[in-house]
Each structure stands twice: as structure tokens, then as C-alpha cells.
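K.L.:
This is the structure, below, for whatever I ask next.
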Amino acid sequence: MNILIISSNNTGSGHKSIAEALIEQFQNIPNVNVKVIEGFATNGILLSTFSKSYGFLTRRARVIWKAVWNISLRKPEVMIKFTETSMEKGFLKIINEEKPDLILSIHPNFNAPVLNILYKNGYNIPFITLLADLISITPLWVDKRADYIIAPTIEAKKRCIDFGADELKVIIDKFPVRSRFYNKKNRKNLIINNDAENALNFLLMSGGEGVGKLGNIAEILLENFNCNVKIVAGKNSVMKNKLENKLSEKYGKRLEVYGYVNNVNKLMEEVDILITRGSPNVLMEAVASNLPIIITGELLGQESENSYYIEENNLGIVCKDYRNLNNAVKKLLSEDGKMLREIMESQRQYRDPEATMKTADFIVKAAFDLKVMDEYPNMDAHLERLV
């Protein structure tokens with residue numbers, strides 16, 4: 001069985017992480033071959049350039065990013081038609097080369113355009129969408145022609161139905177997370193005092209593109225608490241250099257600054273509290289790691305309700321104004337870290353190390369069932385006659 005995954009490496013790191021988590025599980029299933037393609041690479045120069053501008057737009061041109069998000073909400077057909085027209089030739093070439101038995105989309109921009117191309121050119125290939133957002137989804141995620149839509153939350157499923165999806169075709173499976181984020185051992189409860197050996201360890205992240213007030217947050221922590229701080233600036237090399245120049249000499253070994261890293265799971269294992277933007281894959285990786293979370297903001301649009309979801313399920317807390325961070329951390333640490341222990345227990349109840357494997361199994365089974373239905377459309381009637 002050949003599965004073709006349509007993703008994007010340029011619009012943040014979340015889609016890439018999901019693809020890696022799924023591939024890891026597909027590799028455990030015999031006779032399944034998986035190919036991941038960069039969806040924007042099929043679109044010609046213009047959309048490829050736009051995808052590579054994602055980091056700039058989310059860091060420096062938030063007004064433009066908000067406008068793009070609003071277009072996807074109010075006039076999705078504009079983006080669909082443009083994407084379809086520009087990617088058709090390149091995508092048909094990939095289809096003929098890869099001959100997929102199923103197409104899995106993990107990026108909203110490619111659902112309706114790909115289905116339009118398939119139907120227009122006479123291809124009857126099973127198509128599944130897997131949402132890469134927790135709640136705040138755009139209509140671009142939903143096309144009624146998809147055989148299934150896999151949603152990570154009940155709230156996301158409801159949004160899909162609101163956008164016209166058939167309720168029976170929307171399946172709830174938890175957000176795919178790479179297996180290395182699941183700690184085999186439960187974290188120990190913190191000892192909270194001023195002894196150097198019991199210093200708290202914080203990890204500061206803001207998505208793969210590196211946005212937010214990480215320097216201000218680090219200073220608040222280092223000035224007010226017995227702690228060490230690790231900062232991941234992501235692809236934002238300007239931020240990394242700025243942080244190092246401003247803070248490293250002042251705080252010495254108490255502060256470590258990283259650029260883009262491939263060992264986030266190790267960093268999460270080494271710390272006690274994560275402070276991050278509301279990036280869904282980072283949040284779910286932290287939950288898998290049993291790491292308490294403080295959310296300090298979100299990307300306009302698709303991350304706007306993630307903080308609600310985290311608090312509603314007691315997986316972390318929200319402090320959107322970094323100037324209130326001092327009080328937020330004190331609250332977590334009060335009563336010998338009672339809130340921290342409660343959050344970690346909620347995370348242990350929520351997380352499921354088998355979730356991504358279940359998703360991969362469902363996709364393969366669905367691909368097989370849909371292929372049999374296509375090749376043998378009267379199979380059900382034939383089986384009934386045999387019975």
C-alpha cells in the first residue's frame with residue numbers, strides 16, 4: 001500500500017512533526033510505503049515563496065498574516081481556486097509517479113484543491129484529512145468529499161460539522177506526537193526552596209519560527225526565582241543573537257540560548273516548567289512529556305483557542321501578559337507546588353502513548369476498506385447472498 005502525505009516544512013514546524021510521528025508508526029505496519037511531499041513545492045514560484053515567508057509574516061507582519069487568515073475564513077474559495085490552478089500540473093505528475101492508494105493531507109491549503117484535481121482528472125483515490133489544529137480551524141480544513149477527517153478534539157469535530165462535514169466521517173483521535181516525547185517514568189515532585197541544587201529549570205519556546213518576548217520572560221524568571229532558563233529561539237537567528245548579547249554575560253551558566261534544535265524532547269526531559277506560545281504540537285509534546293505548561297500568547301488565527309483547551313483540561317495555565325508572569329509562577333509553586341502536581345496528574349490521565357499508532361492503524365485500515373469498496377462495489381450484496 002502506498003500512502004502519499006501532503007504537508008509543508010515551511011509553514012512552521014508542526015506539520016513536519018506530525019508527518020514524522022505518523023511515519024514512525026507506519027513503518028511498523030507491514031507492506032505500507034509512505035511518501036511525504038512538500039505541498040507548496042507543487043505550486044510554482046509564487047506560493048512556494050509565500051510559504052517560505054511564513055516566518056517573516058508571523059514575526060514581523062502580523063497584520064498581513066491576520067488578513068490571510070480572515071480570507072481563509074470568509075472567502076476560502078479564492079484561496080482554493082488559486083492553489084488548485086497553480087498546483088495541478090505538478091501534482092498530477094506526482095500522482096502518476098507515486099501511484100498512491102491513499103492521500104493524507106495534514107495541511108489545510110491542499111484539501112479542496114487536491115480533491116478538485118482528482119475529480120476533474122478522473123482519479124478515484126481515497127482521501128483523508130488530519131487536522132493539525134486543536135480547535136480554531138479554518139474552513140479550508142473541511143471538504144465534504146473527503147472520505148474521513150481526523151480531528152484531535154471534540155471541539156474540532158464540532159467545527160468540522162459546522163463547516164459542513166458529515167458527522168459520521170469525522171473521527172476523533174488525539175494529536176499525533178512522536179514517541180520519543182513520552183517519558184517512561186513519571187516526573188518527580190519538585191522540592192521548592194532556595195538551595196542551589198533545587199533550582200527550578202524553565203524551558204522557553206515560541207514555535208519553530210521564534211516569536212514573542214522571550215528575553216523579557218527570561219529576565220523576570222532569573223531575577224525573581226531560584227532557577228535556570230533554557231531558551232529555544234527556533235529559526236529566528238536575530239532573536240538568538242540578541243538574547244545572547246543582552247543576557248548571557250549577565251546571567252552566565254544560569255541561561256542557555258539555542259537556535260533551531262532537533263532534540264526538543266531531551267530539553268523537555270531536563271526542565272520542570274515549559275513557557276511557550278500556544279503552538280499545538282509543542283503543547284501536545286509537553287503533555288506527552290508530562291511537563292507543566294504556561295502559555296504566554298498565540299499566533300493569530302489557528303492558535304487562538306488553544307489556551308482555553310489547555311486550561312479547560314488542566315494541562316497548564318495561561319499568562320498572556322508576561323508582566324504578570326511573576327505572580328503566575330508563584331501561584332504554581334505555592335503550597336509546595338500543589339498546582340504543578342495537579343497539572344502533571346491531569347497530563348498523565350490525558351496523554352496516550354498509543355494514540356499515534358491507533359491513528360496510523362485507522363488510516364491503513366480505511367485505505368484498504370475504501371480500495372476494496374472501489375474495486376468491488378457490490379461486495380456487500382455478494383456477502384449477503386453467501387450468508
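Here, each number is a calculation from the coordinates, and none is a lab measurement. A quick note: this is a predicted structure, and the numbers were derived from the prediction, not measured. Positions of Cβ are generated from backbone atoms using ideal geometry, with glycine treated the same way; all protein chains shown enter the neighbour counts.
K.L.:
Of Tyr258, Phe202, Gly316, which is farthest along the charge dipole of region 183-350 in the positive direction, counting Lys and Arg as +1 and Asp and Glu as -1 at C-beta?
P.N.:
Tyr258
K.L.:
At 0.890 mPa s and 25 °C, plugging the Kirkwood radius over alpha-carbon pairs of region 183-350 into Stokes-Einstein gives what diffusion coefficient in µm²/s?
P.N.:
In µm²/s, the coefficient is 154.
K.L.:
Same structure, new question: Give me, ordered by chain and number, the residues 5 or more places off Gly297 or on other chains with an amide H under 5 Å from its own placed amide H.
P.N.:
Gly278
K.L.:
What's the extension gain from Asp166 to Lys120 if we count 0.36 nm per residue and subtract their Cα-Cα distance?
P.N.:
Details: separation 46, 0.36 × 46 = 16.56 nm, distance 2.24 nm.
That works out to 14.3 nm of additional length.
K.L.:
Now for a different question. Sorted by packing (mean other beta-carbon atoms within 10 Å per residue), highest first, where do 222-228, 112-118, 314-320, 260-266 land? Please report the intermediate quantities before stating the final value.
P.N.:
Details: 222-228: 16.1, 112-118: 22.7, 314-320: 19.4, 260-266: 14.3.
The most tightly packed comes first, giving 112-118, 314-320, 222-228, 260-266.
K.L.:
Got a sec? How would Lys158, Lys174, Lys253 order by Cβ neighbour count within 10 Å, fewest to most?
P.N.:
Lowest count first: Lys253, Lys158, Lys174.
K.L.:
If you don't mind, there's one more thing I want to ask. Could you run the Karplus curve 6.51 cos²θ - 1.76 cosθ + 1.60 with θ = phi - 60° over region 236-248 and give me ³J(HN,Hα) per residue in whole Hz, x for Gly and Pro?
P.N.:
In residue order, the calculated couplings are 7, 5, 5, 5, 4, 5, 5, 5, 5, 5, 7, 10, 4 Hz.
K.L.:
Per-residue HN-Hα couplings for region 281-286, Karplus 6.51 cos²θ - 1.76 cosθ + 1.60 at θ = phi - 60°, whole Hz, x for Gly and Pro?
P.N.:
Each residue of region 281-286 in turn: 5, 5, 4, 6, 5, 5 Hz.
K.L.:
Mind checking the full-extension length gain between Glu244 and Asn326? Use 0.36 nm per residue of separation minus the Cα-Cα distance, one decimal, nm.
P.N.:
Values: separation 82, 0.36 × 82 = 29.52 nm, distance 2.24 nm.
Full-extension gain reported as 27.3 nm.
K.L.:
Where a Cα-Cα gap under 18 Å defines reach, which lysines qualify for Lys93, not counting those fewer than 8 residues away within the same chain?
P.N.:
Lys35, Lys120
K.L.:
Going Cα to Cα from Lys330, which lysines come in below 24 Å? Please leave out same-chain ones fewer than 8 positions away.
P.N.:
Hits, sequence-local ones excluded: Lys188, Lys213, Lys230, Lys250, Lys253, Lys320, Lys338.
K.L.:
Let me ask you something else. Taking θ = phi - 60°, what integer Hz values does the Karplus form 6.51 cos²θ - 1.76 cosθ + 1.60 yield along region 250-260, in sequence order, with x for Gly and Pro?
P.N.:
Calculated HN-Hα couplings, in order: 5, 10, x, 6, 6, 10, 10, 10, 10, x, 6 Hz.
K.L.:
Another question about this same structure. Find how many whole Å separate the alpha carbon centroid of region 71-135 from the alpha carbon centroid of region 225-242.
P.N.:
About 37 Å separates the Cα centre of region 225-242 from the one of region 71-135.
K.L.:
Let me ask you something else. May I ask you to list the aspartates and glutamates whose Cα is less than 12 Å away from that of Lys365, ignoring any residue fewer than eight positions away on the same chain?
P.N.:
Excluding near neighbours in sequence, the set is Asp101.
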